[in-house]
1. Hey, can you tell me all the residues within segment A:240-256 that are surrounded by fewer than 24 Cβ atoms within 10 Å (Cβ to Cβ) and in a strand (DSSP E or B)?
2. Take the residues in segment A:682-703 that are within 12 Å of RNA strand B (Cβ to nearest atom) and among the small types (Gly, Ala, Ser); name whichever of them is nearest to A:Tyr730 (Cα to Cα).
3. Restricting the first residue to segment A:783-801 and requiring it to be closer than 18 Å to A:Gly773 by Cα, which pairs with a second residue that is within 9 Å of RNA strand B (Cβ to nearest atom) and open to solvent by 20 Å² or more (accessible area, probe 1.4 Å) meet a Cβ separation below 6 Å and a spacing of at least six or different chains?
4. Might you let me know whether segment A:755-772 holds any residue that is open to solvent by 10 Å² or more (accessible area, probe 1.4 Å), within 11 Å of RNA strand B (Cβ to nearest atom) and not in a helix (DSSP H, G or I)?
5. Quick check: anything in segment A:62-70 of a type outside the set (Lys, Arg) and open to solvent by 10 Å² or more (accessible area, probe 1.4 Å)?
6. What tally of residues in segment A:529-545 results from selecting those that are open to solvent by less than 50 Å² (accessible area, probe 1.4 Å) and more than 19 Å from A:Asp343 (Cβ to Cβ)?
7. Look at segment A:638-677 and say how many of its residues are out of contact with any Asp or Glu (no Cβ under 8 Å at 6 or more places or on another chain) and of a type in the set (A, V, I, L, M, F, W, C).
Amino acid sequence: MRRYNPTEIEPKWQQIWADDTRYQSKDFDARPKYYVTGMFPYPSGAGMHIGHFFEHSIVDAVARFRRALGHNVVYPMGWDSFGLPAENYAIKTGTAPAVVTKQNIANFKNQLTRVGASIDWSREINTTDPEYYKWTQWVFTQMFERGLAYQKESLQWWCPVDKTVLANEQVEAGRCWRCGTEVEKKSMKQWFFKITEYADELLEEIPNLNWPEKIKTAQANWIGRSQGAEIDFAIDGSDDTITVFSTRPDTLFGASFLVLAPEHPLARKLATDEMRESVHSYIDEAVKKSEIERQSEGKEKTGVWTGSYAINPVNSEQAPIWVADYVLGGYGTGAVMGVPAHDERDFAFAQKFELPVVRVVVQDFGSILPDSVNVTGPVVIGYDPNTKEFMSLRNKNVNDRRWLVAGGLNEGESYEEAARRELKEEAGFSDIVKLISLGEPTNSYYYNSNKNSNRRSHSFTFLAILDKDLQGEQQQESNENYEVVWGSSADIEEDFIKEKNTSTEDGISHWIEAIQRARQAAEAYDANETYKPNIYSGEGSLINSGVFDGMSSSEAREEIVAWLEQQAVGRSKVTYKMRDWLISRQRYWGAPIPVIHCDEHGAVPVPTQDLPVVLPEIEDYAPKGDGKSALARQTDWVNTTCPTCGKPAQRETDTMDGYACSSWYLLRYTDPHNDEQAWDPKKADYWSPVDMYVGGDHAVAHLLYVRFWNHVFYDLGLVPVKEPVKQLVYHGLIQAEDGTKMSKSKGNVVDPLEVIDAGYGADALRTFELFLGPINENSSWSSKGIAGVYRFLNRLWTLVQEYDESDKSGVIDAKKLESLTHQTIKKVTGDVNRLSFNTAIAGLMEHVNELYKLKTNGFTPEWQVPLEALVQLVQPFAPHMAAELWQQLGHDTQLDFVEWPTWDDAKIASDAMTIIVQVNGKLRAKLEVASDASDDDIKQAALADAHVQQFVGDKKPTKVIYVPGRLVSIVV
RNA sequence: GCGCGGAUGGUGGAAUUGGUAGACACGAGAGACUUAAAAUCUCUUGCCGUAAAAGGCGUGCGGGUUCGAUUCCCGCUCUGCGCACCA
C-alpha cells in the first residue's frame, strides 16, 4: 500500500502545473469568465506569512471550484513593490531597491508555488517595472488634463523620521502609520487627486456593492456626507461676515455664540485692541500644537474671546465671537455657531466660559398630533434614600401602579411650586428634603376625549427626596382613586414597559424616560454627587424660536433654511469629511510624478510618448530633511526642457503615493503586456469587473481609491462598469496559538513553509486554514488542529488505496452509498458557493467517516463513482492529493477541468423519515414513518406513541401542528 | 461618544427560511493491535441526576411574541473592530 506522503506528491504536481499552461486564462473565451484574486502583496524581505497563505487558500479554492464549474477563470498575481522598506534598506546598505525587490519577489513566488496556487503567471505584474509605472504616470496625466490632479500649497502631515508627507489615511492617532513617530504639520506645495469630486458618486454606489457591511459603513463614514446649511452672520461694526456650517439650522435661535477655528482667516482680524494679544497668542499656540497634543488634552475646552460680536440673522441678537481649537479648520467653513443647549461640545464650552444657554428644541414622546393645545406642568417621582425606594401611584380602579404625581401649572406658578403643590395634594407629602430638577423638558402627545382636542403635555420632571414615613393626608379626590406605593425603579418601570408593549399610546415612553432619569438622579444623590442631566441633541419640537415655535425640528430645518435663502443670508449645503487625496511623496522609491515645471507654462504634464519618466539610478537614497526627495539632487535628471516651449525646465521631484500604483493594477491584469496603452478597453470589457476580490486589510484607503479611479476610467470610457469589484471578501486574521497577533518581535510567527516541510504538506495546511472557522472572522493557529486535518486527508488517501488494492468482491448497500454521495455533493457545493469552507470540509470529513463504516463489508465496483466524486470535491482544498488520486482511479485527464459533480435530490431522499414529536414545546419522541405517509396518519401515530401518551395522558390536545417532514407539535 | 460586528460544551466552531442545540474537529477517557511506544482503528464525552433509565437544566443577562426562539421584538451587560471635538 502506498503511504500518504505529501512531500513526495506535492512537488511533483507543482512541477507539472508549472510546466504546462493549464492555468493561463484566455481572453474572449466563450465560457463565462470568472476573475478572482487577492490583494497583491508588498514583497517584503520577511517572505510570505501564514496570512498570505490563508488568503491564497481562499482564492485558490474559489478559482479551482469555478474552473470545475466550467468558467474561464483568471487568477492573476502581482507585486506592490514600491515603498519604504526597500528604500530604507537601500539607505542603510546602498543596495538599489530594485535589486532587493527582485530577490523578494522571487522568494514570494517560490512560496506561492509551494502552496499549489493555480495562478496565471503569464499575467504577473510589478508596480516598480517601468513598463508598469509608465501607465501609472499616464493615468496621472489623464487626471491632470481633467482637472482631477492639482497642486496646492497646504499644511500637511509630515513624518520627521520618514521625512515625507503623509495622507490623512496614513496618520493613525497622530502618529505615522509606518514608524509610529508623532507627525508634524508643514506647509508645502503638494499634488492632490480630486477625489472629493467623486464623493457623492462613490457614496451612492455603496449600497449596490456585494461587500461586507463593515467595509461599506467604514467607507460611508469616511466620505462623511452631511446635509446642512451655511449661515452668514454679519459682524457688528465690520463689513466682514462669518459663514458657519451647521447640520442643525433648526437650532439657529439657540445660537448664543460663534466659534472660529484657529486657522480661520478672520480669527486674528476680529480681535479687538484689548483682546489682540491673547487672541494672537492663543492662535499661535494652537497652530503649533500637534494633533496628539490636542487630543491628549481630552475634551477640556480651551478658547479665547475676540471681543467682537456677530448678529444672529434670525433674531438680530448679539453673539460673541470666540476662537477655539475644538473647531476644525479643515471641515465645513472652519466656523460654527454655538448652540449649547443642543450640542455637547458647545455646552461644555458654554459652561467653561459662562455663555448663555438657550433651549430651542424639546424632545417629543409619542407622535406629534396636529393642532395640539399646550398643557404644561411638572411630573414628580418620590425617592426615599433610607429605603432606596421610589414612589408611584397605584390606580385603585384599574389596579396598576403606572401612575406618577403630575399636574398642570396654575396661574403665575413656577414648575417647582407646582411640583410641591401636586406632591402634597396627590400623595400627601409636604416635607420635602430636596427637589431635584431632572433636566430637559419633554413633550408628550395625547387626545383628551373630555375636551375633544389634542394635547401637548409639556413637562419638567423632578425627583423629590422624601421620608416615606412622613406621609400626610391626600386630597380627597386623590385618596379615592390613588394609593401611594413604593418600590424599586425597576418594578415601576416594568409596569410601564408592560403597558407600552400592549398599548397603542406611544407617549408612554415619556414616563419611562422620567423613571430612568429619576434613577440616575437618585444614584447621584446617594453618592452625594450633583445630578448632571444630559443635554438634548435629538429631534423635537421648537420653542423660543419666534414664528417657528411648535414646528418639528425636521420641518423647521427646511423652513428656516428657506427663510435664510430668501433673505440671502444662508443656503442649503452638503459637506464631506473626506478631503482630496494627497499623493506627493518626498521619497525616491516611487513612481515619479510626470510633470515638468516651466517658468513660462507652469506645471506641464509629460506627453504620453515621453513616458515613462524613469527613476534614475543613484548612489545616495537618503532624504536630507529639506522636504525634497533624493531625486532633487540628481541635477542631470531634474534639468530638462519644457514639452510646450522647449526652454529649460525642471522635473517634479516628488514621487507618487504607492496607493496610486495599486489603484489600477486590477485592470492591468486584463492586458498586462500592452505597450501601446494601459489596457485594451475590449479586454477590460471582457474581464471587468473583478468577480471576487479577497483581502484582509485596507478597509478604506485602497478600496476607496480603486473605486475612485475606476469611476474616473468609466467617465473616460475605458471600462464598462463604474464599480471595479463585484464581490469583496474580507477575511480575518490568523492569530498565534495564544490568541494574540502574530509578530516577529513576539517570536510567535508560524512559518508556513516549516509546516509544509514538517511533513504535513501544503494540502493539509490549506485545508486546515480553511477549516479553522468562518473566513471573515479571526481565528487562532493550532498545532494540534492541523494534525486533525492531516489525519482526515490520510484517511481519505487510505480509503482510495484500499479500494484500489481490494478484489472488489464485498457486499454493498448501493443505495446508501449513492444517497450519502449525493448528500455530500449537495452540501459541499452549497457551502463552497457561500464560502463556508469550514462546514464544507466538515461535511467531507463526515462523509469519509461514513464511508469507513460502509467499507467494513468490503469494496465493490460501485465504489468507483462515489470515490471519484469525493476526490473532485476535495480538489479545491487539497489539489495535489486530488490530482494524484484522480490518476490512481484510472484517469489521465486534467482534474482541473473535469465537470464538478452534480446531485439529484431524488437520490438523497430515503423511504423513511424521522419525525420528532413535541408536547408543549418539549421533545418527547422520534417517529420513523414512511415518506409517503399522510399528514393525518402521522398525527395519529404521534398521539398513539406510548411515550407521548405519558405526557398527554387523559388531557385533550387543544392543538396538533404538523410541519411536513419535520415535526408534530401537540399542545395540551 | 458614534457606527458595525460578536457572545453557544474544557477548546475552535455547527445549526442556510423560527422546527431534534452542540455537526465536524481538538482535547480528555476507555478499548483493539503491539513485547512496548508511536501510528492506526473502534467506542464514550454539554451539565445535574441514575446501577441503567426516566426526568430536569442548558445558546451572555432580564422580559416579550409563538404550539415551538441560538434564530424575531424590547431593555441591559460584556467584548472585538472602525471612526473619533466632522458642528
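The values are calculated or read from the model by the stated rules, or taken from the named source; none is laboratory data. These numbers were taken from a predicted model, which means no experiment stands behind them. Every residue, glycine as well, gets a Cβ built from its backbone with ideal geometry; the counts of neighbours run over all protein chains shown. Remember, those area values only see protein heavy atoms, side chains included, never the ligands or the DNA or RNA. Shrake-Rupley method; radii C 1.70, N 1.55, O 1.52, S 1.80 Å.
1. Listed by number, the residues that qualify are A:Thr241, A:Thr243, A:Phe245.
2. Once the filter is applied, the top-ranked residue is A:Gly696.
3. Matching pairs, first to second residue: A:Val789/A:Phe771; A:Phe792/A:Met845.
4. Taking every residue of segment A:755-772 in turn, at least one turns out to be open to solvent by 10 Å² or more (accessible area, probe 1.4 Å), within 11 Å of RNA strand B (Cβ to nearest atom) and not in a helix (DSSP H, G or I).
5. yes
6. Qualifying residue count for the region: 1.
7. Here the count works out to 6.
Quick grid of which residues meet (1) under 20 Å from A:Ser572 (Cβ atoms); (2) surrounded by fewer than 18 Cβ atoms within 10 Å (Cβ to Cβ); (3) more than 10 Å from RNA strand B (Cβ to nearest atom):
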position	(1), (2), (3)
A:Glu197	yes, yes, yes
A:Asp200	yes, yes, yes
A:Lys214	no, yes, no
A:Ala218	no, yes, no
A:Ala229	yes, no, no
A:Ser238	no, yes, yes
A:Ala261	no, no, no
